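See below for the structure under consideration.
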Amino acid sequence: MNSEQPDRKRLAEQLQEDWEALRSVGDLFTGTALGYSAEQLRPGSGWPEDLQDTPIILAVDGPGTALTVAARATRDLTLVLTDEPDAVRGVLDEAGRPEVSVSADPEAIVDLVTATERPKRWIGLGSADHLTQVVDSDLVGRLRVTQLQVPSGAAPVLAAAAAGRLALDLVSANPADGEAGPAVAIAAALLMPFVDFHQVNVGVDESGRFQLRHDGFLLWWGITKEPGALQAWVDQALA
């Protein structure tokens, strides 16, 4: 580290100190703008987890642009769960990621998840089938899931989140994202600045799809409001 580079550890510590200070001061000024700002800092959740450098599990139906983006833009990608392992293996090898494992069996996450106490990131790009197969296991509590809105199978996933057994964020592709839509889930998991999150009440419709419902369970819901920035990020990853 040269003298011009910030001390990232110290910067993180300072941010946490500032966060705690705002929460504490806000408690003294309830009903004011300062108090309202403090209330927005996810009360009861504590300082957000540090997920940097934690392994990423990608659940994807098959090869496509989003898989290539994940292979090239996520250095922590460790395992891909898919129904088309041979095709996905070819994409990863072409992207220069031979170290990333591929499996059609969700049981492949067992060794990865239990290897350390640190949480593991799960990015779901298509069907929630792989996630629903492990949602009732003891492993699910160690997963931090970012899930693209899926066409079906949402009920058990949402039930696990509502029961406090699963940490779940949802993302919904902006129609303006076009073919880059699934990549927004990857970007959201990586906390890219062009993905905005807000808390909404989420339920499940008759087809088993996540939908906004006033009487639903409160989750973080992300969407990219800057499709141009998303596309530029995708283009850079594919270059």
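Give the residues of segment 89-101 that are assigned to a helix (DSSP H, G or I) and touching a helix residue (DSSP H, G or I) at 6+ places or on another chain (Cβ under 9 Å), sorted by residue number. Matches in segment 89-101: 91, 92, 94. Among the residues of segment 63-82, the ones that are surrounded by 19 or more Cβ atoms within 10 Å (Cβ to Cβ), touching a strand residue (DSSP E or B) at 6+ places or on another chain (Cβ under 8 Å) and not in a strand (DSSP E or B) come to 5 in all.
Answer yes or no as to whether residue 167 is in the same structural domain as residue 114 (by TED's automatic domain parsing) and closer than 27 Å to residue 94 by Cβ. The answer is no for residue 167. For residue 130, the test of being in contact (Cβ under 8 Å) with a residue 12 or more places away in the chain and surrounded by 15 or more Cβ atoms within 10 Å (Cβ to Cβ) is passed.
Against the test of being touching a residue at least 60 places away in the same chain (Cβ under 8 Å) and at negative phi, the options 187, 180, 173 yield a single qualifying residue, 180. Could we say that residue 137 is hydroxyl-bearing (Ser, Thr, Tyr), under 30 Å from residue 111 (Cα atoms) and out of contact with any helix residue (DSSP H, G or I) (no Cβ under 7 Å at 6 or more places or on another chain) here? Here the answer is yes, as residue 137 does meet what is asked.
Yes/no per residue for (1) farther than 30 Å from residue 235 by Cβ; (2) assigned to a helix (DSSP H, G or I); (3) of a type outside the set (Asp, Glu):
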residue: 87; (1), (2), (3): no, yes, yes
residue: 152; (1), (2), (3): yes, no, yes
residue: 156; (1), (2), (3): yes, yes, yes
residue: 160; (1), (2), (3): yes, yes, yes
residue: 165; (1), (2), (3): yes, no, yes
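Just the residues that are in a helix (DSSP H, G or I) and within 19 Å of residue 189 (Cβ to Cβ), please, taken from segment 109-128. So that I can check it myself, show each step before the final result.
So in segment 109-128, the residues in a helix (DSSP H, G or I) come out as 109-114.
Matches in segment 109-128: 109, 112, 113.
Taken over segment 111-120, the criterion of being in contact with a Pro (Cβ under 7 Å, 6 or more places away or on another chain) and either without any contact (Cβ under 8 Å) to a residue 24 or more places away in the chain or among the basic types (Lys, Arg) (or both) is satisfied by 120 alone. For segment 116-139, the tally of residues that are β-branched (Val, Ile, Thr), touching a strand residue (DSSP E or B) at 6+ places or on another chain (Cβ under 9 Å) and either under 14 Å from residue 56 (Cα atoms) or outside the structural domain of residue 184 (by TED's automatic domain parsing) (or both) stands at 1.
When segment 130-149 is filtered for residues that are modelled with pLDDT of 90 or more, part of a helix (DSSP H, G or I) and touching a Leu at 6+ places or on another chain (Cβ under 8 Å), the ones remaining, listed by number, are 140, 141.
Would you confirm whether any residue within segment 93-112 is out of contact with any strand residue (DSSP E or B) (no Cβ under 8 Å at 6 or more places or on another chain), surrounded by 22 or more Cβ atoms within 10 Å (Cβ to Cβ) and under 28 Å from residue 232 (Cα atoms)? No, the conditions are met nowhere in segment 93-112.
When every residue of segment 228-235 is checked against the conditions, none turns out to be touching an Asp or Glu at 6+ places or on another chain (Cβ under 7 Å), farther than 17 Å from residue 157 by Cα, surrounded by fewer than 16 Cβ atoms within 10 Å (Cβ to Cβ) and among the charged types (D, E, K, R). Name the residues in segment 199-235 that are more than 16 Å from residue 150 (Cβ to Cβ), without any contact (Cβ under 8 Å) to a residue 24 or more places away in the chain and not in a loop (DSSP other than H, G, I, E, B), would you? Once the filter is applied, which keeps residues that are more than 16 Å from residue 150 (Cβ to Cβ), without any contact (Cβ under 8 Å) to a residue 24 or more places away in the chain and not in a loop (DSSP other than H, G, I, E, B), segment 199-235 yields 199, 200, 201, 218, 228, 232, 235.
The values are calculated or read from the model by the stated rules, or taken from the named source; none is laboratory data. What you see is a predicted model; the values in this text were computed from it and never measured. Neighbour counts run over all protein chains shown; Cβ positions are idealised from the backbone, glycine included.
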